[in-house]
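Enquirer: Below is one structure. I have some questions about it.
The values are calculated or read from the model by the stated rules, or taken from the named source; none is laboratory data. Every value quoted in this text rests on a predicted model; they were computed, and no experiment measured them. FYI the Cβ positions are ideal-geometry reconstructions off the backbone, even for glycines, and counts take in every protein chain you see. In case anyone asks, the SASA skips ligands and DNA or RNA and just uses the protein heavy atoms, side chains included. Shrake-Rupley method; radii C 1.70, N 1.55, O 1.52, S 1.80 Å.
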Amino acid sequence: MDKIGFELSPWSTHGQLTGIAGKTQKAVNAEALANFEREMKKHKNFFRKHDVFVMIYTDSDLANIAEVFDDIAKYLKPKGAIKQLEFSLLAEFDFL
């Protein structure tokens with residue numbers, strides 16, 4: 001019952017800055033950092049709350065979407081065959 005999340009996360013969904021005319025590069029960088037930190041805090045809180053391991057794919061990853069989907073496919077394949085619990089083994093446990 002492992003949980004794995006996949007996020008396709010281009011910069012444009014988190015990093016858009018408006019009203020930067022007249023700001024110094026230092027101020028723009030500080031604003032971009034604050035936006036990024038706020039978004040990542042939301043991500044981490046959500047995935048920790050739900051106990052999910054997450055793979056985050058950014059712009060450089062998304063440039064080759066076929067590779068991203070190949071990577072995701074590896075995580076979706078079962079690691080081994082599911083074994084049925086033998087009911088005869090249950091007799092060895094004291095459930096009461």
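Enquirer: Could you please find all residues in the stretch 6-44 being of a type in the set (S, T, N, Q) and open to solvent by 80 Å² or more (accessible area, probe 1.4 Å)?
Expert: Those that are of a type in the set (S, T, N, Q) and open to solvent by 80 Å² or more (accessible area, probe 1.4 Å): SER12, THR13, GLN16, THR18, THR24, GLN25, ASN29.
Enquirer: Which of (1) in contact with a Ser or Thr (Cβ under 6 Å, 6 or more places away or on another chain); (2) assigned to a helix (DSSP H, G or I) does ILE56 not meet, given it meets every other one?
Expert: Here ILE56 clears every test but (2).
Enquirer: Moving to a separate point now. Does ALA91 qualify as being open to solvent by less than 100 Å² (accessible area, probe 1.4 Å), of a type in the set (Gly, Ala, Ser) and either at pLDDT 90 or above or under 20 Å from ASP2 (Cβ atoms) (or both)?
Expert: When the stated conditions are applied, ALA91 does not pass them.
Enquirer: Out of the residues in the stretch 45-71 meeting the condition of being hydroxyl-bearing (Ser, Thr, Tyr) and open to solvent by less than 70 Å² (accessible area, probe 1.4 Å), tell me which one is modelled with the lowest pLDDT.
Expert: The extreme case among them is THR58.
Enquirer: Next question, about the same structure. Cβ-Cβ under 8 Å, sequence separation 6+ or interchain: first residue in the stretch 14-27 and in contact (Cβ under 8 Å) with a residue 40 or more places away in the chain and more than 20 Å from MET40 (Cβ to Cβ), partner open to solvent by less than 100 Å² (accessible area, probe 1.4 Å) and outside any loop (DSSP other than H, G, I, E, B). Which pairs?
Expert: From the stretch 14-27, no pairs qualify.
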